[in-house]
Every structure is written in C-alpha cells, then in structure tokens.
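The values are calculated or read from the model by the stated rules, or taken from the named source; none is laboratory data. Only a predicted model underlies this, so the values are computations on that prediction, with no experimental measurement involved. Because the Cβ atoms are built from the backbone with ideal geometry, glycine has one as well, and the counts that use them run over all protein chains shown. Note: accessible area is taken over every heavy atom of the protein model, side chains too, but ligands, DNA and RNA are not part of it. Shrake-Rupley method; radii C 1.70, N 1.55, O 1.52, S 1.80 Å.
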Amino acid sequence: MLSEEDVHSNSYADRTGAVIDRQTFFGDDCDEINLGNEDTPPSKLRLNTSTDTESTSPAVINSIEDHDQYHDNHNDHYAQISPEPVPIKFNIIIREFEKRGDGMNAYIVYKLETEVSGVVGYSKTHYETWRRFSDFLGLHGKIVEKYLSKGIVIPQPPEKSISALTKTKTNSDPAMSREVGIQRARHLERYVSRLVQHPRMRNDCDLRDFLTIDSDLPKAVQTAALSSFGVKKIFKNFQVVFSKMAFHMEEGDRWFEQVQSQIDELDEALRKLYTVTESLVASRREMATSGEQLGKALSMLAACEESTSLSRALSALTDVTESVSTAWGKQAEIDNAKFSEAIYEYIMLISALKDVFGERVRAWQQWQDAQQTLSRKRDQKTKIDLAAGGRNEKSDQLKAEIEETVLRMDQLEQHFGELSKAIREEVARFDTDRKVDMKKILIEYMESMIHTHTEMLQLWEKFEPQAHNIQL
C-alpha cells in the first residue's frame, strides 16, 4: 500500500519495524558427520563430503561449464529435512436450516458442512453440525476476547435484528421465517469462512469445537440484548471516546496516518456504493412487480380482442412480459446476494479494521499513562528524600514502585511495538484479499447481467415474428 520509504520515515517505524536477527543453522562450529553412521544424533544437520568431490570442483566459477560442474558436485550436499507443505483446504457451506420450537421459544438452526484437510486438529475431512444464531454470536465473543488485543482483524457476524426476531417468533407464516433464514445463512457462511481463512484463527480451539462437535453447545448468555456483556461493551465504547478526548494521540508514524486516511476514504466510497446497490435491487424488484402487473393487463386485453392475429400476439406478449419480469426478479436476488451483501460485508470488515486501530490507540495511551505515573513517582521520591535528608521507609517503598512501573512501562512499550507490527501485517493481508474479492464480485455481477440480458434478448427475438404476423 505504501513504499518502504514511507514505512521507515518516522520514529515509530524505527521502533516497531526492527528486524530480528536470525541465527544461521550451519555455523563454522557445526560438526561434520556421516549420515550412514547409526550413532549420528538426529540434531546434526551437516553432511560429510568426500575430498575427491571437493578437489574436482572449480575454485572459481568463470563460465557456464564451471557452474554446471559445481552444481553437479554439490547437488546432494544437504539432505532434504522438511517435507513439502500440505495444501490447506477449508470450505464451509450452509445449505440447510430449520425452525425449531413455537411462539416465543422459536429459533432457527443452521447446518454447517465443513470440508477440511491439511489443518492441524481436524482428524476427519468432513463435518456436519447444527448451530443456532446465538452460537455464532457466542463464538464471536470468544474470538474477540482472544485476538483483538493482538491486532487481528476479526470479521463481524450479522447483527441481531428486531424484524428478524419478530418474523421468527411471532409470525406463523413459514415463508417469512424462510426469508429470514436464507438471508442470515448467507451472512453466517461468509462470517465463518472469513474466520477459517485467517492463518491464526483457523487453528483456534473454540472455532474447531464449533465446527466439529456434533452436539448442542452451552448456551451463550452473553448474546442477550440486555446482558452484562452488552452493557460492558457499551460502557467500554464510552470509555474509549472519553479517553480519546482527554488524551489525544498525536500520530508519529506516517504509515499509520496515511493508511487510516485511506481506510476512511474507502469506507465512505463503499457506503455510497452500498446505498446505490440497495436502490438498484429495490428498482429491479419494482420492475419485476410492474412487469407482472403489465402481463395481467395484456392478458385481459388479449381476452377481449376480436382480431385473432392481434389477440394471439397480445397473448405471446403477455408470456414474454411475465418471463422478463421473472428474469428481473432473479437478477434482483442475485444482485442482493452477491453484490449488495458482499459490499456490506466489506463495510463491516473496515469497521473491524478500525477497531484494531482503536486498540493500538488504547495501547499507546496505557504506555503514556505509565510514563506519566513513573515521572510522578520519581518526583515524589525526590521530594521525600530532600525533606527527610536521606532514605526512609516511604522512599524505599517508592523506589520499589518505581522499579515496578519501569518494568510495566517497558512491557507496554513492547506490546505497542508488537501490536503495531501485527496491524501492518493485517493491513497488507486485508489489501490483498480486498483486491481478490472485488475482482470476484465484479466478475460475478458482470456474468449475471450478461446471462439475464441474453435470456431477455432470446425472449424478445422469439416474440418478434408473431408481432410481424399481425394482420391489419
């Protein structure tokens, strides 16, 4: 996203972008051993090479022939220690859902079909589990608690909806519950798929239990609308707002400043696009409804028409209009499922990315607070030493507190550096995934439009001869 010059143009980048020196595996003091010796310990990695091979190798490589000879003589110098990496396969699909219970006790459960291979902790390649919506929210709470403070961008599940709750619990019409189930199933499938795509979260034990345990999970009490968890979350958000107002962070890292600006611009553009796509879906649904009404009106006109050829043409036009209306309805659903909802998912991902930036600000504030505490305690110790004319019990206590504060400040500084580094990696990963996903979204939208318009064109071409056969 930014050049290397931008990354290392400030103090924070120097602090957080340090590269850890790596020790070489084959130093000068490494023992030379023979793999054919049974007494050789497995930890020794250097092979014993014959002096004959070394004597035939060119001392200086000055030509292609010298390079080929050197490569042939040294091709088997080291053994293959690590096997080829196993490709990872992790696909999750929600094809089925069903409503259980009646009245206010009614809820919808979703069937997750997981295909997995090459991932540690999964003994089988296929799993099937049934989970209710509150189970997804409970999993999300556990994931956030473990990974948000580490700078990991955590996708957000679909939010609780009053309309969805009403349609599920108070409406006896199966079609209404099915509408809620279909839409929510798509959102939940995207959410879990995002989790397993992340290299750190795919091996999480809570996620593994969620996907593999073929039984009901303990009820997640933190998902209630007025639970203590929800109240704490609201209180924490207020704390963050007040903290930013009272202790503003002056960003010293140009990379983070530019990235946050780009994220804000992307968020604004995607929200505008989402508004337009919602309007587009509504317009196409309206076109489908208007087409149905037009078809009914044409049918009534064809029934009272005395001219046989004209009546036949109006009847054919009725069929075409109804088919076109059906095509617009299908296109509206495709636009909603694969275009509008996909854009909304990225809006939620950007919100999650902003949460990670907020976590970095919180870590910086804790670090600065520790520095101020250290400065205040040192001033207190100096005043006590001057007033008492030497060390006393209070001075010794402050000395111990100062040492403890220095240790805590160093830990907070280290945490801030590690968090900043993790966020850089997450932003790079987000940027790469975004390009791939946007390409997929645009291609699917284009292909669906081509298919819909081709279908309509064939319908109108089929009707054209009947229109020309109207006898005057």
Within the set LYS338/LYS462; LYS150/LYS399; LYS111/LYS219; LYS272/LYS439; LYS89/LYS440; LYS272/LYS354, which residue pairs have Cα atoms separated by over 22 Å?
-> LYS338/LYS462; LYS150/LYS399
Report the accessible area of TRP328, computed with a 1.4 Å probe over the heavy atoms of all protein chains in place, in Å² rounded to the nearest 10.
-> 40
Let me know the shape class of the range 87-219, please: from the alpha-carbon gyration tensor, a ≥ b ≥ c as square roots of the eigenvalues, rounded when a/c is under 1.5, otherwise prolate if a/b is greater than b/c, or oblate.
-> prolate
One point scatterer per Cα, no solvent, Debye formula: log10 I(q)/I(0) for the range 358-453 at q = 0.12, 0.19, 0.21 Å⁻¹ comes out as -0.61, -0.90, -0.98
Viscosity 0.890 mPa s, temperature 25 °C: Stokes-Einstein D of the range 260-300 from its Kirkwood Cα radius, in µm² per second?
-> 197
Evaluated at 20 °C and 1.002 mPa s, the Stokes-Einstein D of the range 281-358 based on the Kirkwood radius over Cα pairs, in µm²/s, stands at 143
Rank these by accessible area, largest first, 1.4 Å probe: LYS435, LYS377.
-> LYS435, LYS377
Ordered by packing density, taken as the mean number of other Cβ atoms within 10 Å over each peptide's residues, highest first, how do 395-405, 140-150 rank?
-> 140-150, 395-405
At a 1.4 Å probe radius, which order do ARG95, ARG200 fall into by accessible area, largest first?
-> ARG95, ARG200
In whole Hz, the Karplus estimates of ³J(HN,Hα) for the range 311-322 (6.51, -1.76, 1.60; θ = phi - 60°; x where Gly or Pro) are 4, 5, 5, 5, 5, 5, 5, 4, 5, 5, 4, 5
Largest-first ranking of ARG360, ARG312 by accessible area, probe 1.4 Å, whole protein assembly kept, is ARG312, ARG360
MET409 accessible area, nearest 10 Å², 1.4 Å probe?
-> 30
In Å², nearest 10: area of GLU447 left accessible to a 1.4 Å probe = 110
